[in-house]
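The values are calculated or read from the model by the stated rules, or taken from the named source; none is laboratory data. Worth saying up front: this structure is predicted, and the values here are computed from it rather than measured. Backbone-built Cβ (ideal geometry, glycine too); neighbour counts: all protein chains shown.
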Amino acid sequence: VVLQVFSQEYINLLLSVYFFVLGVLALSHTMSPLMSRIFPASFPNKQYQLLFTQGSGESKEEIVNYEFDTKNLVCLLISSVVGVWYLLKKHWIANNLFGLAFALNGVELLHLNNVSTGCILLGGLFVYDVFWVFGTNVMVTVAKSFEAPIKLVFPQDLLEKGLNASNFAMLGLGDIVIPGIFIALLLRFDVSLKKNSRTYFYSSFLAYIFGLGLTIFVMHTFKHAQPALLYLVPACVGFPVIVALFKGELTEMFRYEESSPEEAGSTDESSESEKKDQ
């Protein structure tokens with residue numbers, strides 16, 4: 001409907017500017033921990049604060065209060081260069097850098113609190129993905145029409161054309177973020193077991209790689225777009241469940257539930273007050 005009302009050229013221009021801003025911020029945030037390790041200890045790192053307030057006196061209200069340092073500014077500068085490169089050239093490497101930054105930030109920001117919720121979410125999106133790819137051409141049309149870093153692209157003619165490749169296979173960011181938050185949940189479950197092992201994390205991570213490889217294999221075999229979650233969901237859910245059955249921890253895995261930060265904070269406060277009363 002949107003493509004029928006507005007020109008695709010204007011939509012792509014609007015999306016390019018929008019994702020330029022978001023991409024620069026997301027990539028800068030993703031780069032910061034890595035750059036902090038790269039910078040030498042002698043690097044002159046100064047602290048800054050961006051403060052916007054509204055009103056004056058007692059009615060003064062903070063709108064923005066953001067603290068950053070010189071390292072963050074360097075990351076922002078590098079990200080801006082990538083952003084300009086993407087804005088001008090729409091190069092697939094710049095697209096993938098932004099896409100990976102969005103995916104990593106998505107996994108960091110989104111949380112599942114228990115395995116059951118994760119299975120329900122993955123199951124629902126499994127049906128959704130299969131329907132919109134096999135049942136209609138909407139998903140494929142949108143992915144091909146919009147020039148935005150909402151997907152990772154993999155050049156199929158890289159060996160022939162090098163960095164100027166033009167024939168791409170695509171992987172939607174949702175196919176990374178949704179399984180990613182489930183895998184992150186299993187990592188936290190591993191930590192909660194206090195066994196100094198990452199069995200469920202590694203099994204689900206390997207399952208993701210297996211499912212992604214199977215997706216690519218089927219896509220090349222049948223020469224047709226494939227819903228990645230059709231293969232990723234059974235793999236990412238099935239492998240950890242099999243491991244849990246083998247280790248006798250299936251019930252424990254499905255009973256595991258995380259408390260929200262607010263609940264954890266209130267629990268800590270109540271425990272401290274109880275200690276004081278004693």
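Can you pull out every residue in the stretch 122-159 that is within 20 Å of Asn12 (Cβ to Cβ) and surrounded by fewer than 16 Cβ atoms within 10 Å (Cβ to Cβ)?
Asn137, Val138, Val140, Thr141, Lys144, Ser145 - these are the residues of the stretch 122-159 that are within 20 Å of Asn12 (Cβ to Cβ) and surrounded by fewer than 16 Cβ atoms within 10 Å (Cβ to Cβ).
Considering the stretch 248-260 alone, what residues qualify as being in a helix (DSSP H, G or I) and surrounded by 13 or more Cβ atoms within 10 Å (Cβ to Cβ)?
At the first step, the residues of the stretch 248-260 found to be in a helix (DSSP H, G or I) are 250-255.
Within the stretch 248-260, Leu250, Glu252, Met253, Phe254 meet the criteria.
Of the residues Val64, Val81, Val74, which is outside any helix (DSSP H, G or I), aliphatic (A, V, I, L, M), over 27 Å from Met139 (Cα atoms) and not assigned by TED's automatic domain parsing to the domain that holds Glu108? Steps first, answer last, please.
Working: Val81 fails: outside any helix (DSSP H, G or I); Val74 fails: outside any helix (DSSP H, G or I).
Only one candidate passes the filter, namely Val64.
Does any residue of the stretch 87-95 turn out to be over 30 Å from Val138 (Cα atoms), touching a helix residue (DSSP H, G or I) at 6+ places or on another chain (Cβ under 6 Å) and of a type outside the set (Ser, Thr, Tyr)? Even if it seems obvious, please write down each step before you answer.
Of all residues in the stretch 87-95, those over 30 Å from Val138 (Cα atoms) come to none.
The answer is no, given that none of the residues of the stretch 87-95 is over 30 Å from Val138 (Cα atoms), touching a helix residue (DSSP H, G or I) at 6+ places or on another chain (Cβ under 6 Å) and of a type outside the set (Ser, Thr, Tyr).
So is Gly123 under 28 Å from Tyr208 (Cβ atoms), over 15 Å from the mean Cα position of the chain (by Cα) and not charged (D, E, K, R) or not? If you could, list the steps in order and put the result at the bottom.
Values: under 28 Å from Tyr208 (Cβ atoms): yes; over 15 Å from the mean Cα position of the chain (by Cα): yes; not charged (D, E, K, R): yes.
For Gly123, the condition - under 28 Å from Tyr208 (Cβ atoms), over 15 Å from the mean Cα position of the chain (by Cα) and not charged (D, E, K, R) - is met.
Helices (runs of 4 or more DSSP H) wholly in the stretch 135-242 with at least 2 residues that are under 19 Å from the mean Cα position of the chain (by Cα) and not hydroxyl-bearing (Ser, Thr, Tyr) - which ones?
Working: elements: 138-145, 158-161, 174-193, 199-222.
Fully inside the stretch 135-242 and qualifying: 174-193, 199-222.
Select from the stretch 4-41 the residues that are part of a helix (DSSP H, G or I) and of a type in the set (S, T, N, Q) and write down the one among them that is surrounded by the fewest Cβ atoms within 10 Å (Cβ to Cβ).
Pass one, the stretch 4-41, residues part of a helix (DSSP H, G or I): 4-5, 8-38.
Adding the requirement that they be of a type in the set (S, T, N, Q) leaves 4, 8, 12, 16, 28, 30, 32, 36.
Details: Gln4: 5, Gln8: 12, Asn12: 15, Ser16: 19, Ser28: 23, Thr30: 21, Ser32: 17, Ser36: 14.
That would be Gln4.
Within the stretch 160-206, can you find the residues that are surrounded by fewer than 19 Cβ atoms within 10 Å (Cβ to Cβ), aromatic (Phe, Trp, Tyr) and either touching a Phe, Trp or Tyr at 6+ places or on another chain (Cβ under 9 Å) or under 26 Å from Phe146 (Cα atoms) (or both)?
Hit for the stretch 160-206 is Phe168, nothing else.
So if I check each of Glu108, Glu62, which one is more than 23 Å from Leu173 (Cα to Cα) and among the acidic types (Asp, Glu)? Please lay out each step first, then the result.
Working: Glu108 fails: more than 23 Å from Leu173 (Cα to Cα).
The unique qualifying residue is Glu62.
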